[in-house]
1. Which members of segment 18-60 meet the condition of being part of a strand (DSSP E or B), open to solvent by 20 Å² or more (accessible area, probe 1.4 Å) and either away from ligand 2 (no atom under 16 Å from the Cβ) or in contact with an Asp or Glu (Cβ under 6 Å, 6 or more places away or on another chain) (or both)?
2. For segment 61-179, give me every one of the helices (runs of 4 or more DSSP H) that falls completely inside it and has 3 or more residues that are without any contact (Cβ under 8 Å) to a residue 40 or more places away in the chain.
3. I'm checking my understanding of the structure. Among residues of segment 274-315 that are more than 22 Å from ARG236 (Cα to Cα) and of a type in the set (D, E, K, R), which one is nearest to ligand 2 (Cβ to nearest atom)?
4. For segment 136-161, enumerate the residues that are more than 16 Å from MET105 (Cα to Cα), under 16 Å from the mean Cα position of the chain (by Cα) and more than 14 Å from ligand 1 (Cβ to nearest atom).
5. If I ask for residues that are out of contact with any Lys or Arg (no Cβ under 9 Å at 6 or more places or on another chain) and under 18 Å from ASN135 (Cβ atoms), which ones from segment 267-282 would you list?
6. Out of all the residues in segment 260-281, which are over 18 Å from ARG293 (Cβ atoms) and surrounded by 19 or more Cβ atoms within 10 Å (Cβ to Cβ)?
7. Going through segment 84-110 one residue at a time, which ones are more than 16 Å from ligand 1 (Cβ to nearest atom), open to solvent by 10 Å² or more (accessible area, probe 1.4 Å) and among the hydrophobic types (A, V, I, L, M, F, W, C)?
8. Kindly indicate whether ASP15 is acidic (Asp, Glu), open to solvent by less than 60 Å² (accessible area, probe 1.4 Å) and assigned to a helix (DSSP H, G or I).
Amino acid sequence: MSTIAFDRYKPLQDDACQERILAARARLGQRAVILGHHYQRADVYRHADLTGDSLRLSKLAVQTDAQYIVFCGVHFMAEVADILSKPEQKVILPDLSAGCSMADMASLAKVERAWRELKQVLDPDQAVTPVTYINSAADIKAFCGEHGGIVCTSSNARQILDWSFSRREKVLFFPDQHLGRWTGYLMNIPLSEMLVWDPDQEMGGLTAQQIKMAKILLWKGHCSVHQMFQAQHILRWRQQNPSGMVISHPECNFEVCKLSDYVGSTDYIIKTIAASAPGSRWLVGTELNLVNRIAEEFKPQGKVVQFMASTVCMCSTMQRIDPQHLAWALENLAEGKIINQITVPPHEAKLARIALDRMLAVS
Ligand code: 13P
Ligand code: SF4
């Protein structure tokens with residue numbers, strides 16, 4: 001049975017897709033669940049049955065019984081859903097090119113090379129817990145599963161590092177140096193004991209002595225969206241809004257996190273602003289779709305929610321899940337045709353699941 005080609009959806013206007021998405025959704029009924037990350041554009045997000053940050057979405061993937069999990073998010077999230085869901089369930093990513101540029105900054109080859117290089121200085125399987133941020137490919141999670149390591153998200157990184165240090169004296173944290181540094185800072189680890197591991201340099205660009213004294217080796221990776229937020233944005237805003245509050249995602253750089261009143265995951269950002277007093281003013285350092293949505297949602301309560309940067313900072317890869325791709329995926333499913341299924345190879349999935357299960361047990 002041949003699938004319906006995407007070419008037929010390309011010329012559709014965004015609005016024209018809405019009715020088709022709803023109709024396909026109705027035909028699918030309970031057979032499909034749509035999971036949506038908070039950064040999805042509004043005309044996709046409104047179709048999500050369940051929404052959340054990365055941690056919540058991975059828990060939802062375990063809980064759902066739907067035959068099809070349509071993931072409006074990015075590739076690593078759909079991989080996690082495939083690993084954690086039941087074997088008979090199928091995970092669909094409406095556009096396969098919806099990746100995460102940060103996840104791409106740690107390849108398995110480079111992580112394995114780092115592990116080999118560490119062996120010249122210490123025994124990493126005894127001394128180092130590999131911790132991967134959930135924003136990473138399944139093979140990286142499998143590496144962690146195999147080497148006594150674990151996965152973390154922006155909402156449980158502290159608990160995960162506590163777990164890691166209770167087992168081994170050091171952590172190799174990848175791919176986001178900023179989340180790793182901020183979490184270590186909250187645990188009172190001196191900045192001088194958190195050193196950047198540059199995967200493009202021999203021995204990460206560090207000496208044997210530096211590796212021996214480091215508590216956390218921070219992979220030189222980052223999110224390009226969150227690097228747009230700068231300390232000067234906060235300082236300027238505070239001059240005009242002395243009683244306002246600043247909240248940022250921990251993928252922001254260290255200075256931004258330090259200057260913020262609150263730092264946390266996308267779920268945490270939403271909940272914190274929701275719980276704030278009517279009339280409060282907020283500056284928010286995270287992706288624009290989310291900030292625009294909460295600005296609208298909380299406007300009736302007199303809350304003013306402003307975006308931190310002066311330029312547009314959208315996650316361009318999340319943005320690839322547009323109404324055309326969602327309509328395409330759902331109409332195919334309604335016809336019993338599966339497109340863009342995400343399938344993690346069984347051996348990799350088994351090892352990655354060990355690291356994910358460790359995370360779910362800890363958080
Ligand atoms: P959250 O888990 O906080 O939703 O973050 C995911 C992400 O990719 C942020 O850039
Ligand atoms: Fe990846 Fe950054 Fe997009 Fe999050 S915002 S999915 S870290 S590129």
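1. Just the residues of segment 18-60 that are part of a strand (DSSP E or B), to begin with: 32-37, 50-52.
When the remaining residues are screened for being open to solvent by 20 Å² or more (accessible area, probe 1.4 Å), the result is 50-51.
Scanning segment 18-60 gives a single hit, LEU50.
2. 108-118, 157-167
3. For segment 274-315, the residue satisfying everything is ARG293.
4. Selection gives ILE150 alone.
5. Within segment 267-282, TYR268, ILE269 meet the criteria.
6. SER260, VAL263
7. Matches in segment 84-110: LEU96, LEU108, ALA109.
8. The answer is no for ASP15.
The values are calculated or read from the model by the stated rules, or taken from the named source; none is laboratory data. Remember, it's a predicted structure, so these values are computed and weren't measured experimentally. Don't worry about glycine lacking a Cβ; one is built from the backbone with ideal geometry, like all the others, and counts go over all protein chains shown. With ligands, DNA and RNA removed, areas are computed over all heavy atoms of the protein, side chains included. Shrake-Rupley method; radii C 1.70, N 1.55, O 1.52, S 1.80 Å.
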